[in-house]
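*Asks:* Provided herewith is a single structure, encoded as structure tokens, for subsequent inquiry.
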Amino acid sequence: MENIPVFRPLLEREELAAAEEALKLGWLGMGKYVGDFEQAVLKLVEAPDRHAVAVSTGHAALHLALMLMGVGPGDEVITPAFNNIADFQAILATGAQPVFCDIHDDTLCLDLADAETLVGPRTKAIIAMDYDCCLCDHDGVAAFAAKHGIRVLHDGAHALGSRYKGKMVGSFSDVTMFSFDPVKTITSIDGGMLIVRTREEVERLHRMRLIGMGQPASVMYQNRRAWTYDVQELGFRYHMANLHAAMGLAQLGKFDRIASTRREACRRYNAELSGLKDVRVPATDFEGVTPFLYYIRVPAEARQPLRDHLTTKGVDTGIHWQPGHWFQLFKECRRSALAVTDRVGNEILSLPLHSAMAPEVQSRVIAGVREFFQ
Ligand SMILES: Cc1ncc(COP(=O)(O)O)c(C=O)c1O
């Protein structure tokens with residue numbers, strides 16, 4: 001019996017052909033495909049008035065975004081405690097401290113009333129992370145940031161191709177980031193992207209992603225490089241490789257299929273699992289969103305026995321996530337009571353969700369969950 005993983009990238013002949021072409025080209029570092037991938041993502045997110053900057057990972061995108069906002073030692077950044085470790089580490093990497101706020105029980109996204117109690121003189125920015133198919137109250141986040149004179153880093157790692165009030169994620173926030181790591185909705189093997197408003201921000205990001213070198217992207221995007229340049233600021237080796245961008249482009253070419261098959265699989269899960277007394281499914285019809293994962297909530301004491309049962313059926317499950325304040329490194333961080341986060345952290349469970357998931361594979365997952373609860 002084949003094991004069903006939580007995630008499985010959709011790698012078909014287009015990706016293999018793209019990789020082969022990029023390898024044959026022989027220009028493996030940052031090059032033309034990176035510029036093409038940036039433009040293709042801007043098109044997907046319907047943000048012709050914005051700029052895209054591709055980087056090596058989502059974590060690198062978060063780190064650079066915070067640096068771009070001037071976040072540094074002594075500052076604080078408010079983030080939901082229910083978030084990816086990459087966000088917490090990116091804050092630490094700037095020398096600032098994360099401050100953990102709670103989430104709403106229904107949307108699993110940040111609770112602005114709770115965040116309000118945490119704002120202090122050192123607050124520099126807030127991270128608004130869309131948890132899977134649930135989007136934040138982004139109008140509320142923008143108003144909150146304007147009121148407190150702080151910046152917004154929109155973590156859209158889960159939300160590529162999702163709409164908020166009709167607008168594509170990436171087209172409306174202060175700064176938005178995406179991730180294309182191996183398990184994301186689309187993958188470039190590893191990769192990240194920032195969507196920003198101004199040319200000036202782009203130019204700083206171009207330097208910061210390339211160990212500070214003032215190497216023009218316009219030259220690199222012709223698969224060439226300049227040999228003389230200045231170094232004006234701190235930078236990191238965070239640029240995206242041509243091979244990775246070529247993979248990302250191949251995935252973008254099939255985005256509609258990826259999005260629609262993921263939506264359909266989530267709808268089927270909701271339809272077949274919502275009747276179970278102890279299972280809470282996402283309260284959405286998935287219209288207008290491109291789901292990254294499929295999560296359910298189960299009573300805390302049932303979660304591990306359910307995971308064990310599914311393991312015997314060859315079905316893997318995941319936990320997204322353990323909240324930030326549960327980790328040793330972040331225990332002392334300033335935070336609110338985090339009652340909802342603690343509850344959700346014990347109840348949340350990810351079931352396998354793949355693009356173009358075979359119906360019989362999904363049936364095995366559903367049967368395993370139903371068997372356990374019946
Ligand atoms: C919400 C969120 N933000 C950021 C990241 C980091 O992205 P990457 O894995 O590309 O560094 C992830 C990764 O899973 C994520 O889920």
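The values are calculated or read from the model by the stated rules, or taken from the named source; none is laboratory data. Since the structure is predicted, the reported quantities are computational estimates derived from the model, not experimental observations. As a convention, Cβ positions derive from the backbone with ideal geometry for all residues, glycine included, and neighbour counts pool all protein chains shown.
*Asks:* So Asn223 ticks every box in (1) out of contact with any strand residue (DSSP E or B) (no Cβ under 6 Å at 6 or more places or on another chain); (2) at negative phi but one. Which box is left unticked?
*Replies:* For Asn223, the failing item is (2).
*Asks:* If you go through the stretch 270-295 one residue at a time, how many are farther than 20 Å from Asp105 by Cβ and either part of a helix (DSSP H, G or I) or of a type in the set (Asp, Glu) (or both)?
*Replies:* Qualifying residue count, the stretch 270-295: 3.
*Asks:* Report, ordered by the first and then the second residue, all pairs with beta carbons closer than 7 Å, sequence separation of six or more or different chains, a first member in the stretch 74-96 that is without any contact (Cβ under 8 Å) to a residue 40 or more places away in the chain, and a second member that is surrounded by fewer than 24 Cβ atoms within 10 Å (Cβ to Cβ) and among the polar types (S, T, N, Q).
*Replies:* Listed by first residue and then by second, the contacts come to Ile91/Gln97.
*Asks:* Test of understanding: among Ala113, Ala65, Ala146, Ala96, which residue is more than 14 Å from the ligand (Cβ to nearest atom), touching a strand residue (DSSP E or B) at 6+ places or on another chain (Cβ under 8 Å) and more than 24 Å from Phe7 (Cα to Cα)?
*Replies:* Being more than 14 Å from the ligand (Cβ to nearest atom), touching a strand residue (DSSP E or B) at 6+ places or on another chain (Cβ under 8 Å) and more than 24 Å from Phe7 (Cα to Cα) holds for just one of Ala113, Ala65, Ala146, Ala96, which is Ala96.
*Asks:* Filtering the stretch 171-180 down to residues that are part of a loop (DSSP other than H, G, I, E, B) and within 16 Å of Leu64 (Cβ to Cβ), which residue is farthest from the ligand (Cβ to nearest atom)?
*Replies:* Out of the qualifying residues, it is Asp174.
*Asks:* Which of the numbered conditions does Asp256 fail, given that it passes all the others? Conditions: (1) touching a residue at least 12 places away in the same chain (Cβ under 8 Å); (2) within 21 Å of the chain's Cα centre (by Cα); (3) surrounded by fewer than 18 Cβ atoms within 10 Å (Cβ to Cβ).
*Replies:* The failed condition is (1).
*Asks:* Can you name every residue in the stretch 311-346 that is in a helix (DSSP H, G or I) and of a type in the set (S, T, N, Q)?
*Replies:* The answer is Thr311, Thr312, Gln328, Thr341, Asn346.
*Asks:* I would also like to ask the following. Only one of Arg267, Arg307, Arg263 is closer than 30 Å to Pro98 by Cβ and assigned by TED's automatic domain parsing to the domain that holds Gln362; which?
*Replies:* Every option except Arg307 fails the conditions.
*Asks:* For residues that are in a loop (DSSP other than H, G, I, E, B) and in contact (Cβ under 8 Å) with a residue 60 or more places away in the chain, scanning just the stretch 13-38, find the one that is surrounded by the fewest Cβ atoms within 10 Å (Cβ to Cβ).
*Replies:* Leu28
*Asks:* Given the criteria of a type in the set (Val, Ile, Thr), within 17 Å of the chain's Cα centre (by Cα) and either part of a loop (DSSP other than H, G, I, E, B) or assigned by TED's automatic domain parsing to the domain that holds Ser188 (or both), does Val41 qualify?
*Replies:* Numbers: of a type in the set (Val, Ile, Thr): yes; within 17 Å of the chain's Cα centre (by Cα): yes; either part of a loop (DSSP other than H, G, I, E, B) or assigned by TED's automatic domain parsing to the domain that holds Ser188 (or both): yes.
The answer is yes for Val41.
*Asks:* Tell me whether the stretch 296-310 contains one or more residues that are more than 23 Å from the chain's Cα centre (by Cα), in a loop (DSSP other than H, G, I, E, B) and at pLDDT 95 or above.
*Replies:* Scanning the stretch 296-310 turns up at least one residue that is more than 23 Å from the chain's Cα centre (by Cα), in a loop (DSSP other than H, G, I, E, B) and at pLDDT 95 or above.
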